[in-house]
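Here the structure comes first, spelled out in structure tokens, and everything after it is commentary.
No lab work stands behind these numbers, since they all come straight from the coordinates. Bear in mind that the values here come from a model prediction, so they are computed numbers and not experimental data. Glycine gets a Cβ as well: all are built from the backbone with ideal geometry, and neighbour counts include every protein chain shown.
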Amino acid sequence: MDTKLDIKAFLDKDEQKDLLRLLTAGSVDDGKSTLIGRLLFDSKKLYEDQLDALERDSKRMGNAGDHIDYALLLDGLKAEREQGITIDVAYRYFSTNNRKFIIADTPGHEQYTRNMITGGSTANLAIILVDARTGVITQTRRHTYLVSLLGIKHVVLAVNKMDLVDFSEERFNEIVGEYKKFVEPLGIPDVNCIPLSALDGDNVVEKSDRTPWYKGISLLDFLETVHIASDHNFDDFRYPVQYVLRPNLDFRGFCGKVASGVVRKGDTVMALPSGKTSKIKSIVTYDGELDYAFPPQSVTLTLEDEIDVSRGEMLVHPDNLPMVDRNFETMLVWMDEENMDMNKHFYIKQTTNLTRAHISNIRYRVDINTMEHIENVPALKLNEIANVVLTTAKPLFFDSYQKNKACGSFILIDPITNNTSAVGMIIDRVDSKDMISEELPVLNLPKLGIGEEHYEAIEKACKDLERQGVAINIIK
């Protein structure tokens, strides 16, 4: 009986651990896969058969000399093992006594930018690796920019291969100073720097005697203690309705995940887009009713009044409304092998909403190696990032991505291939009158010898062209 209680207590405790999602990023050969492999090995999270296979593979195809090649734990693709690089995102799960972890090992090459965006879209923390010999390089800046673009609030600069610079404090401080100078304008709130040797395990799980000048904690200690609970937006209540639950005549509830904010029984809520209001009657879950709900809980809300709400609509507090518009500015990452077609209409998936959308204009493309803004870009290619204006067929309810990830992100879907063509992070709404630039093409309509009343109809028909970025000039 005692054994059963012990097992139940252990499972209950394990259930209550919070989850930290993190990604690793860095240049080729900076040691991302080796670091994660070492983390798993030193924290005793590998099974015996995994260790046997690792030792066998290290002798046969490893890239670490006489050492065990921990990168082989992550690099599972044949091409990855042959070249000693990471190509696709590899996910690994492990847990300690204090926390559960999901690690995304993302590739370092520029052509795999979309893979890094995929791996980082749900991450709370990013580990940016740099080689102590080369310091902050172009890829370091690029990955840090992508991390800031994804709204990741916690960054660890892992200065790896310190054993190759004799664990020099001066070299570490030089790299940290250069990195912090670069990262300052990007607005990442929490940046920590740790000297490491992933191959030898220095400062990975345990503090190393070879860096007596480093007064901080080991990487694993930091990952176990970093505070992420306040990263959620608890101020702005947003509840995208995913499904209307109607099991019988006496129950009608709205299912979904609390995207942000807190909702309590008795709260007055407004349904968008109708603007109808009601009060929360109950907050229902599988385990019973709650007095309040917060992100990222999935719940069913019932209302006191019978108002019409369906999938794709949103419940909010009436004194705290999201932006509602058809036109908005966004940072767009192009993820399709096929180049962007400015004339194509896409499906846009934002929260639980699905509608048609098209790209009105490209304001500038970002050179992610130099951070330079390049204007007059006709279209985007695979892995390119740009500031664009989108127009949707019906109004969406959204916040800026930096304020609210769940309601400020979306994907564009190709209606023919059903591929994900792009992912986007919303910046702000755009007035339709601001979407027409003097530099954009102007369509001149000459006098056609018809009455004035016909020009009114023509002007009305041209509004759609204006939304697509073509200025109209009717010569009467």
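Some observations on this one:
- Taking the square roots of five times each eigenvalue of the Cα gyration tensor of region 176-312, the equivalent ellipsoid has semi-axes of 48, 18, 11 Å, listed largest first.
- Summed residue charge, Cβ within 15 Å of Val226's Cβ, Lys/Arg positive, Asp/Glu negative: 0
- Net charge of the neighbourhood of Val165, taken over other residues with C-beta under 13 Å away and scored Lys/Arg +1, Asp/Glu -1, is -3.
- Ranked Met331, Met340, Met162, criterion: other C-beta atoms within 10 Å, fewest first: Met331, Met340, Met162
- Cα gyration tensor shape for region 322-378, rounded if a/c is under 1.5, else prolate or oblate: prolate
- When only alpha carbons of region 227-297 are considered, Rg and Dmax amount to 12.9, 45 Å.
- Computed from backbone phi, the HN-Hα couplings of region 182-188 come to 5, 7, 4, x, 7, x, 7 Hz, rounded to whole numbers (Karplus: 6.51 cos²θ - 1.76 cosθ + 1.60, θ = phi - 60°; Gly and Pro given as x).
- Projecting the Cα positions of Val258, Ala198, Ala158 onto the charge dipole of region 129-269 (unit charges on Cβ atoms of Lys, Arg, Asp and Glu, taken about the Cα centre) puts Val258 furthest along the positive direction.
- Thr277/Glu372 FRET efficiency (R0 60 Å; Cβ-Cβ; nearest 0.05): 0.80
- Computed from the C-beta positions of Phe234 and Asn418 and an R0 of 45 Å, the FRET efficiency is 0.80 to the nearest 0.05.
- Inter-label distance, Ala379 to Gln242: 3.6 nm, where each label sits 7 Å from its Cα along the C-beta direction.
- Which of Ile359, Ile188 has the fewest Cβ neighbours within 10 Å, and the rest in rising order: Ile188, Ile359
- Three-way shape call for region 270-353 based on the alpha-carbon gyration tensor, with the a/c threshold at 1.5: prolate
- Order of Lys153, Lys381, Lys405 - criterion: other Cβ atoms within 10 Å of each residue's Cβ, fewest first: Lys381, Lys153, Lys405
- Ranking Asn376, Ser298, Ile348 by Cα position along the charge dipole of region 275-393, where only Lys, Arg, Asp and Glu carry charges on their C-beta atoms, puts Asn376 farthest toward the positive end.
- Shape parameters for region 121-203, alpha-carbon atoms, Rg then Dmax in Å: 12.4, 36
- Cross-link pairs beyond the 18 Å C-alpha cut-off, checked among Lys32/Lys161; Lys17/Lys215; Lys257/Lys394: Lys17/Lys215; Lys257/Lys394
- Intensity falloff of region 249-399 expressed as log10 I(q)/I(0), Debye formula with alpha-carbon point scatterers, at q = 0.13 Å⁻¹: -0.72
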